[in-house]
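The values are calculated or read from the model by the stated rules, or taken from the named source; none is laboratory data. Quantities reported herein were computed from a predicted structural model and do not represent experimental measurements. Glycine gets a Cβ as well: all are built from the backbone with ideal geometry, and neighbour counts include every protein chain shown.
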Amino acid sequence: MDPAKIQELEDRLGYIFNDKRLLTRALTHPTFSNMEKQKKNSSEECPHQETYATLGDAILKAGFISILMEKGVKTKGNITISKSDLENNLQLAKVGKRLRLLEDNYILHGVGKEGKLKEGAVSLCSDTVEALIGAIFIDSSSSMSDVINCISKIFEPELREFEIKLHEHSR
């Protein structure tokens, strides 16, 4: 991938990767990995984002809980409800759209064009946002503070909206 394009995405994420291979893997969807494997007709793996997305999902949960507690959410029930609003697939896809993951062709995928891509856009974007969070966690030597800073940056509009609602309810 073009270094200027990588720099642009890193700016949007608020994180500069020490190991760009982690970023590439986070952007590699399993459909692309499978296509590459078939093209080469070999058993050689093309690492993809699945495990990073699984890690990123867990890290996002912990990050959101930390952010919500910092913002004054005090009960388990309120944290759970607020966290689920922030981390659902549609919300993650919205963040992916804001990061222009599909529009700027950051995601390496084999989903196809037009209709098929539209159908899979939510999943492609939400999985990739989670994978990026997982990759940042790995690249930062498991630094939750680095990851929370990135979460705060890329979810800034959603967190700002949440704060407005929180202040309205506390009146």
Q.
So in region 138-169, with the set limited to residues that are polar (S, T, N, Q) and free of Cβ contacts under 8 Å to residues at least 12 places away in the same chain, which one is farthest from Arg21 (Cα to Cα)?
A. Ser145
Q.
Looking at region 45-59, can you tell me whether even one residue there is farther than 21 Å from Leu92 by Cβ, out of contact with any strand residue (DSSP E or B) (no Cβ under 9 Å at 6 or more places or on another chain) and not polar (S, T, N, Q)?
A. yes
Q: Please specify each residue of region 1-22 satisfying the condition of being in a helix (DSSP H, G or I) and either touching a helix residue (DSSP H, G or I) at 6+ places or on another chain (Cβ under 7 Å) or of a type in the set (D, E, K, R) (or both).
A: Lys5, Ile6, Glu8, Glu10, Asp11, Arg12, Leu13, Lys20, Arg21, Leu22
Q: Among the helices (runs of 4 or more DSSP H) lying completely within region 25-137, list those that include at least 3 residues that are surrounded by 14 or more Cβ atoms within 10 Å (Cβ to Cβ) and either free of Cβ contacts under 8 Å to residues at least 12 places away in the same chain or in contact with a Ser or Thr (Cβ under 9 Å, 6 or more places away or on another chain) (or both).
A: 50-70, 89-98
Q: For Phe17, indicate whether it is in contact with a Leu (Cβ under 6 Å, 6 or more places away or on another chain) and farther than 17 Å from Ser126 by Cα.
A: yes
Q. Can you find even one residue in region 111-126 that is under 15 Å from Lys61 (Cα atoms) and more than 10 Å from the chain's Cα centre (by Cα)?
A. no
Q | Failed item, numbered, when Ser82 is tested on (1) farther than 30 Å from Arg21 by Cβ; (2) in contact with a Phe, Trp or Tyr (Cβ under 6 Å, 6 or more places away or on another chain) | A | (2)
Q.
Here are the criteria: (1) modelled with pLDDT under 95; (2) farther than 21 Å from Asp127 by Cα. Tell me which single one Ile67 does not satisfy.
A. (1)
